[in-house]
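Here the structure is laid out as structure tokens; the discussion comes afterwards.
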Amino acid sequence: MSSERRVAHEFEGEKLESVFVGRRDGAARPTVILIPTVMGVSDLEIGFGRQLVELGYNALVADLFGKEFHGAPRDVCFAEMTRLRQDCAALRRRLQHVLEMTRKEDGVSPNQIVVAGYCFGGQCALDLARSGADIAAAVSFHGLFDPPGLPKEKITAKVVAFHGWDDPMVPPEAVVALGNELTEAGSDWQIHAYGHVGHGFTNPHASDLKIDGVAYNALAAERSWTSFISLLEELFG
């Protein structure tokens, strides 16, 4: 049975509050940092974390925006995401802060960390790998692929991107560009592209937004989750 606790932390004067989801015994385990969608920390990612706990892992749902943004309206969250994306160097530092904070949490095996993210969070997972961070893997679920324009580092993490081929935010040429980028960086990489699938396919409420090309897809959600768990088993046994 999972145990959940709020984790207060501070980045460059901003107060953040992530959520740690783990086993009640507190034993050190491989841990997945889950970086949320543009909506920030929500029940969706905490639910994914609970599923990971049932499989023997821990999860930390990372707060990048700040506690005051939990449950904020969509336009407010979009504005905050835009602010973070405008300064890629600061966003990289923020992500590195979350990683180092997670390493120090009780119950975390510090050398067995995977970073996975959804939409904006997927871009963040890729960007952390691009920084050369010492993580086992970076995983993007319907994430954004555009690189941050920072000095290039060797990517030591395994990288997997789960992508809807009809995602209007990531056209086919961006997929090819990511593959070329990861190859040049020396990464062990995979891109899983799902036909007739758009953006947000893991979120059962994505269709509620009524945005063309943004919709839940149960089959793609199941296929990507199964492949994700296979990756964790490959990494950690």
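The values are calculated or read from the model by the stated rules, or taken from the named source; none is laboratory data. Predicted model, so just to flag it, every value in this text is computed and none were measured. Here the Cβ is made from the backbone with ideal geometry for all residues, glycine too, and neighbour counts use every protein chain on show. Quick note on the areas: whole protein, heavy atoms, side chains included, nothing else; ligands and nucleic acids left out. Shrake-Rupley method; radii C 1.70, N 1.55, O 1.52, S 1.80 Å.
When you go through 207, 227, 187 one by one, which is the residue that is out of contact with any Phe, Trp or Tyr (no Cβ under 6 Å at 6 or more places or on another chain), farther than 29 Å from residue 150 by Cα and of a type in the set (Ser, Thr, Tyr)?
Only one candidate passes the filter, namely 227.
Does at least one position in the stretch 23-41 carry a residue that is among the basic types (Lys, Arg), outside any helix (DSSP H, G or I) and at pLDDT 95 or above?
Yes, the stretch 23-41 has at least one match.
Within the stretch 164-180, which residues are in a loop (DSSP other than H, G, I, E, B), open to solvent by less than 10 Å² (accessible area, probe 1.4 Å) and either touching a helix residue (DSSP H, G or I) at 6+ places or on another chain (Cβ under 8 Å) or acidic (Asp, Glu) (or both)?
Within the stretch 164-180, 167 is the sole residue that qualifies.
Is at least one residue of the stretch 181-202 under 20 Å from residue 119 (Cβ atoms), open to solvent by less than 20 Å² (accessible area, probe 1.4 Å), of a type in the set (Gly, Ala, Ser) and part of a helix (DSSP H, G or I)?
No, that holds for no residue.
Can you list the helices (runs of 4 or more DSSP H) found entirely within the stretch 59-141 that contain at least 3 residues being within 11 Å of the chain's Cα centre (by Cα)?
120-130
Just to be sure before I move on: is residue 161 surrounded by 14 or more Cβ atoms within 10 Å (Cβ to Cβ), of a type in the set (Gly, Ala, Ser), farther than 19 Å from residue 213 by Cβ and touching a Leu at 6+ places or on another chain (Cβ under 9 Å) in the structure I sent?
no
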